[in-house]
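Asker: Sharing a structure here in structure tokens format.
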Amino acid sequence: MRIDALTIFPQYFEPLTLSLVGKARDGGIIDFYIHDLRSFASNNHHSVDDTPYGGGAGMVMLAQVWGLALDPLMVEDTDLIILTPAGKRFDQRMAEAFSKASHLVFACGRYEGIDDRVRQYYSSDLYASRNIRVHEVSIGDYVLGGGEVASLVMIEAITRLLPGVVGNPESLSEESHSQDGYLEYPNFTKPAIWRDIAVPAILLSGNHSEIAQWRADAARRRAEENLWTRG
Ligand code: 6GU
């Protein structure tokens, strides 16, 4: 999978050299390219934003700058992801769908967002005929300073689903959110007693069917309890 990210703060993407994602990158499973949006700014001040038509607070990012940055990346079979708190909510199902993509482009907006004509332009029939799809995505109902952290969240959730990134692929099918509404059972390791708290005895019994039953019950209890707080 190839991933491009466009941002005025390329340093936000330095964590992608770490951990599983970093290893997948070293191993050639993922190809990352981070682009500094400001290098596409054409005026003397290198500005990337201006005041909104119609008035109001904040600044809007320039379509012209985004167009110059995006044009060379819009190759056949590309998913362009525009990060915005007004987008469709990211979840595990969306992560699974994007993990099957061949090319993801993350457009990180700052300020009050990107001139909407950028979304319109790359959503045209011409681009659709080249299998270019545009998605506006949010990672949750709160507002961040920009799309960079949201991109990192999405990239980690998506790339760990690629074959060869997570060592034991079985762990992917048993984890929280692997099925709608499913939360993983609680886990324990040695010692069997820690600060007077014992590990549930069944887990030490070696009885695999009873352990499976206990875990299924614990997972269901957890999902029910968390329903109240998750909404
Ligand atoms: Cl994608 N961007 C910003 N700026 N804030 C957000 C978000 C995205 N998702 C949730 N909050």
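Asker: Does anyone have the angle between helix 208-230 and the longest principal axis of the chain? Alpha-carbon axes, 0 to 90°, nearest 10?
Answerer: 50
Asker: Taking every DSSP beta bridge with both residues inside the stretch 2-169, roughly what % is antiparallel (nearest 5)?
Answerer: On the way: 3 of 28 bridges.
Within the stretch 2-169, antiparallel bridges account for around 10 percent of the total.
Asker: Expressed as a rounded percentage, what relative contact order does the stretch 83-166 have, with Cα pairs under 8 Å and six or more residues apart?
Answerer: 51
Asker: Find the centroid of the Cα atoms in the stretch 121-139 and in the stretch 8-72, then give the distance between the two in whole Å.
Answerer: That distance is 18 Å.
Asker: On to the next question. From the alpha carbon gyration tensor of the chain, can you work out the equivalent ellipsoid semi-axes (sqrt of 5 times each eigenvalue) and give them in Å, largest to smallest?
Answerer: Each semi-axis is the square root of five times an eigenvalue, giving 42, 20, 17 Å.
Asker: Just want the answer: with Cβ charges of +1 for Lys and Arg and -1 for Asp and Glu, which residue in M74, T159, I3 is farthest toward the dipole's positive end in the chain?
Answerer: T159
Asker: Tell me the angle of helix 148-159 to the major Cα principal axis of the chain, expressed in degrees between 0 and 90 and rounded to the nearest ten.
Answerer: Around 50 degrees separate the two axes.
Asker: For a quick check, take a GNM of the chain with Cα springs below 10 Å and name the residue from I81, I202, I29 with the largest mean-square fluctuation.
Answerer: Most flexible of the set in this elastic network: I202.
Asker: Continuing with the same structure: With every protein chain present, what is the per residue accessible area of the stretch 7-85 (1.4 Å probe, Å²)?
Answerer: 56
Asker: Sort 195-201, 150-156, 37-43 by the packing proxy (mean of other Cβ within 10 Å over each peptide's residues), most packed first.
Answerer: In descending order of packing, they fall as 150-156, 37-43, 195-201.
Asker: Let me ask something else. Got the relative contact order for the chain handy, in percent, Cα pairs under 8 Å and 6 or more residues apart? Display every interim value, and only then the final one.
Answerer: Details: 324 pairs, mean separation 47.0, N = 231.
Result for the chain is 20 percent.
Asker: What percent does the relative contact order of the stretch 176-230 come to when contacts are Cα pairs within less than 8 Å and at least six residues apart?
Answerer: 44
Asker: Follow-up question, since we're still on this one. What does the net charge come to around V166 if you take all other residues with beta carbon closer than 15 Å to its beta carbon, with K and R at +1 and D and E at -1?
Answerer: Local charge sum for V166: -3.
Asker: From the helices alone, meaning DSSP H stretches of at least four residues, give me the mean residue ellipticity at 222 nm for the chain, per-run term -39500 (n - 2.57), in deg cm²/dmol to the nearest 500.
Answerer: -9000 deg cm²/dmol
The values are calculated or read from the model by the stated rules, or taken from the named source; none is laboratory data. Here the structure is a predicted model, which is why all the values come from computation and not from measurement. Every residue, glycine among them, receives a Cβ derived from its backbone with ideal geometry; neighbour counts consider all protein chains shown. Surface areas here come from the heavy atoms of the whole protein model, side chains and all, with no ligands, DNA or RNA. Shrake-Rupley method; radii C 1.70, N 1.55, O 1.52, S 1.80 Å.
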